[in-house]
Amino acid sequence: MTNRFQARPQSARRSLVMACGVSVCLVVSLLSGCGYMIGPAHDPAITSIEIPTFENDTYRRGLEQMLTEAVQKEVVKRTTMRIVRGPGAQTKLTGRIVDAQKSVLGETMFDDPRELQLSLIVEVKWQDMRTGQIIEDGIPIDAETVALFSQADFAPEVGQSTATAVHDSVQRAARRIVDLMEMPW
């Protein structure tokens, strides 16, 4: 009968030790971060942004409208900022499409393009309109401008076209632009 009573405190101690071990592991894993962030990824002090139509230095017309619209949709979807036109905005995001190139990656034996690649190069600048300073998030090439490269591969043989590649490349560029607006951690 005494063995039964002695077994209980040992099992209770084991349970307590196990619970402490699990809780320590949980706290350590939460504090280590694992690449995650608690709270908003964007600065909550910035509540409004102006995104005028991007400039286009290429011969592909309409890219500026597509990219501006895609960036505006990404900002609305992923941030708490509202898009404002004119002087009421706290910040302003301007951009310029520097280059758009279509390259052949592979050909058939009859020199028909089998796989192509569309590349976009975009420069963006995010400015705080209250102070006039450039908000530097991401890795800037110089103090005022960040250049982004976006590529999309497409294969005409399987029904893809330049239009699908343009759409994919514009969407990737828009996501990368909004990624630059995140706070560093």
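The one condition from (1) at pLDDT below 70; (2) among the small types (Gly, Ala, Ser); (3) under 25 Å from residue 177 (Cβ atoms) that residue 11 does not meet is (3). For residue 76, indicate whether it is under 30 Å from residue 155 (Cα atoms), of a type in the set (Val, Ile, Thr) and assigned by TED's automatic domain parsing to the domain that holds residue 157. It is false that residue 76 is under 30 Å from residue 155 (Cα atoms), of a type in the set (Val, Ile, Thr) and assigned by TED's automatic domain parsing to the domain that holds residue 157. The residues in region 83-108 that are out of contact with any helix residue (DSSP H, G or I) (no Cβ under 8 Å at 6 or more places or on another chain) and within 16 Å of residue 47 (Cβ to Cβ) can be counted, and the count is 9. Taken over region 109-127, the criterion of being in a strand (DSSP E or B) and of a type outside the set (Val, Ile, Thr) is satisfied by 113, 114, 115, 116, 117, 118, 119, 120, 123, 125, 126, 127. For residue 31, the conditions (1) surrounded by fewer than 11 Cβ atoms within 10 Å (Cβ to Cβ); (2) modelled with pLDDT under 90; (3) assigned by TED's automatic domain parsing to the domain that holds residue 130; (4) on the phi < 0 side of the Ramachandran plot are fulfilled apart from (3). Considering each residue of region 154-170, count those that are part of a helix (DSSP H, G or I) and farther than 27 Å from residue 71 by Cβ, and give that number. Number satisfying all stated conditions: 3. From the list 61, 85, the lone residue that is without any contact (Cβ under 8 Å) to a residue 40 or more places away in the chain, in the same structural domain as residue 173 (by TED's automatic domain parsing) and more than 21 Å from residue 172 (Cβ to Cβ) is 85.
For (1) polar (S, T, N, Q); (2) exposed (fewer than 12 other Cβ atoms within 10 Å of the Cβ); (3) modelled with pLDDT under 85, each residue gets a yes or a no:
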| position | (1), (2), (3) |
| --- | --- |
| 102 | no, no, yes |
| 117 | yes, no, yes |
| 132 | no, yes, yes |
| 151 | yes, no, yes |
| 160 | yes, no, yes |
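The values are calculated or read from the model by the stated rules, or taken from the named source; none is laboratory data. Owing to the predicted nature of the structure, the values given are computational and were not obtained by experimental measurement. Cβ atoms come from the backbone with ideal geometry, glycine included; neighbour counts cover every protein chain shown.
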